[in-house]
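Encoded as C-alpha cells, the structure appears first; notes follow it.
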Amino acid sequence: MPEVPAEFSVVPRYQVIPGAVLAEISDFIRAFDRVTARGAWQAAALRGAPPIVQLRRPEICFFSAWDFHLPPGDRWQLIEFNDNGSGFIFAAIINALYYETAGLEQEKRIAPPVRLPLFKQRIRDLVEREARAFFGERPGGVCLILDDAESLQQGKFRRELQLLCDLLREGGWYAEAGCPAEIRWDGRRLLFNGQAVTFIVNRSTDFFWQSEDFSALRMAYQADGVYVAPNPFSYATRSDKRLMEWLSLPDWDNELEIAPAERQILSDHVPETHLVRTDNLEDLAERKQEFVFKPLHGYAGRGLLDSAAVGRARLRRLVTRDEGYVAQRRVAKRCLEIDGEPLWTDLRVWAYRGEIFHLSGRASRRPERLDLTPPGGWMPTYASL
C-alpha cells in the first residue's frame, strides 16, 4: 500500500454494520441484478448507444461495488454502482490488520474479517469461475490488468493493481499490468509484449473505449476472442448514472418490466434521481438545494457541481452542449469526530453474482464531496454477528 498519507490514508476508527442491514442490502443487490439483467431493461439501456455497446456480453465483474449512505435514523440509500470499483484489496488489508492490531477479537459482536490468504484465494476463485464460464476452461495466455497510462504511472491505486497481479501469479496465472496503447491485434489474437492476451481485468475509465488507444481491444472484443470485465455493455446496462433515474422512479416500470415487489425495494433505497433534460431543468433549478449534480460518466467525484453553482442558465448550457448530468436527491451521511474534526462516512459493499463477499468504508472531510486526505481516509469496516 502507498506509504504517503496524502495518497492513501486510514482513519483510526472503525464502523460496524448491523447484520440486519446487510441482509436487506443483500436482498437489494439481488433485485438490482435481476432488474438490470432483464431483456427489457437492457434493450432500453442500449437504445441509441454506440455500436461497441450493442454487443451483449456474459462477463460478470468480480469487483463490482455498491456505494451506500447510511443517514442517521433513516433508510440506507444506494448512491451509485461501480463495476470497476477501486480499493477492494486495500480494504481487505485494512480490515484484517486493524482487527488484529486493535484487538477487536475481544468484541464478540463483530464478525472477524476474512484473513488475507483466504481473501486472496477467494479472488482467485472468482477469476477462475469467470474464466471457466466464458471459455469452458482456464485459458492460457496473459491475464492483463488494463488501466489508463496515467493511472498506471501515478494513480492512487496503482499499487493495488500490482497486488492483484501478484495474487493471480500465486494462483498460476501469467498476469501483467498494462495500458490500452500497449496491446496489438494481429487479426487473430490480442497481443501484449508479443504474448497472447485472453483475460482482461479492465480498470480504465474510458468506459466506451472511444480513444484510438482502444482500437486493438475493440477489434478483439468484436471478434469475441477475449474476456473483458467490466466492458461497454456492462457499463451501459449497470453502471451508467442515467440508470439511477429508472431505479429510483416508477415512471418506466411497465416498459422495463419491473415488478411491484422490485419497485418497492428500489424506491425504498434509491434516492430520487433525474437525468437533466430540457423538459425538467426549470423544476430542477427551482429545487436545486435538494439535489447533487453529477456527470453521467464521472468518477471519484470529478465533475460534481455544487448546488450554489447551478442555475437555469448553467443547466441549459449542460443540455445544449450535451454534457450529460443527473440530479440526485441529497442523502445525509453519518458523522463522527476525530480530534475535534467532523468526518462523514459511507459504506461500500462488494458482491459477486448476488453474494456479498467484502465490505469497506470511507470517511470524508466534506459532507458532499469525497475528500480522503487526513484525518479522513479509508475506514475499517465490519459486519456485526
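Please list 3J(HN,Hα) in residue order for the stretch 343-349, calculated via the Karplus relation 6.51 cos²θ - 1.76 cosθ + 1.60 where θ = phi - 60°; whole Hz, with x for glycine and proline.
10, 10, 9, 9, 9, 10, 10
Could you grab the relative contact order for the stretch 267-320? Cα pairs under 8 Å, six or more apart, rounded to a whole percent.
On the way: 35 pairs, mean separation 20.9, N = 54.
Dividing the mean separation by the residue count of the stretch 267-320 yields 39 percent.
With an 8 Å Cα cut-off and a minimum separation of 6 or more residues, compute the relative contact order for the stretch 1-96 in percent.
Rounded, it is 18 percent for the stretch 1-96.
At 222 nm, what value in deg cm²/dmol follows for the chain if DSSP H runs of at least 4 each add -39500 (n - 2.57) and the sum is divided by all its residues, to the nearest 500?
Working: 12 runs with 123 residues, N = 385.
Helices in the chain give a 222 nm mean residue ellipticity of -9500 deg cm²/dmol.
How large is the convex hull of the C-alpha atoms of the chain per residue, in Å³?
148
List the lysines whose Cα lies under 30 Å from the Cα of K241, skipping any in the same chain that are fewer than 8 positions away.
K156, K288, K294, K333
Please report, largest first and rounded to whole Å, the three semi-axes of the ellipsoid equivalent to the stretch 224-372, where each semi-axis is the square root of five times an eigenvalue of the C-alpha gyration tensor.
25, 24, 17
What net charge do the residues around G376 carry, taking every other residue with its C-beta under 10 Å from that of G376, with Lys and Arg at +1 and Asp and Glu at -1? Could the numbers behind the result be given before it?
Working: positive: R362, R365, R366; negative: E341, D371.
Result for the local shell: +1.
With θ set to phi - 60°, apply the Karplus curve 6.51 cos²θ - 1.76 cosθ + 1.60 along the stretch 128-142 and write out the HN-Hα couplings as whole Hz, x wherever there is a Gly or Pro.
Residue by residue, the stretch 128-142 yields 4, 4, 4, 4, 6, 5, 7, 9, x, 6, 6, x, x, x, 8 Hz.
Just want the answer: with Cβ charges of +1 for Lys and Arg and -1 for Asp and Glu, which residue in W209, Q222, F32 is farthest toward the dipole's positive end in the chain?
After comparing all options, I get Q222.
Measuring from centroid to centroid over Cα atoms, what is the spacing of the stretch 68-104 and the stretch 50-66 in Å?
24
So what's the net charge close to I79: Lys and Arg +1, Asp and Glu -1, counting the other residues with Cβ under 9 Å from its Cβ?
-3
Compactness ratio of the stretch 40-98: Cα Rg over 2.2 N^0.38 Å, N = residue count?
1.60
Mind listing the Cα extents of the stretch 178-250 along all three principal axes, in Å, largest one first?
If we take the Cα atoms of the stretch 178-250, the spans are 50, 19, 17 Å.
With N residues in the stretch 95-217, what two-decimal value do you get for its Cα radius of gyration over 2.2 N^0.38 Å?
This ratio for the stretch 95-217 stands at 1.28.
Eigenvalues of the Cα gyration tensor times 5, then square-rooted: what semi-axes does that give for the stretch 43-157, in whole angstrom, largest first?
31, 23, 16
Pop out the Kirkwood hydrodynamic radius of the stretch 306-385 from its pairwise C-alpha distances, inverse of mean 1/r, in Å to one decimal.
It works out to 15.4 Å.
Rule-based calculations on the coordinates, nothing more; no lab input. All values derive from a computational prediction rather than experimental measurement. Positions of Cβ are backbone-derived with ideal geometry, glycine not excepted, and every protein chain shown enters the neighbour counts.
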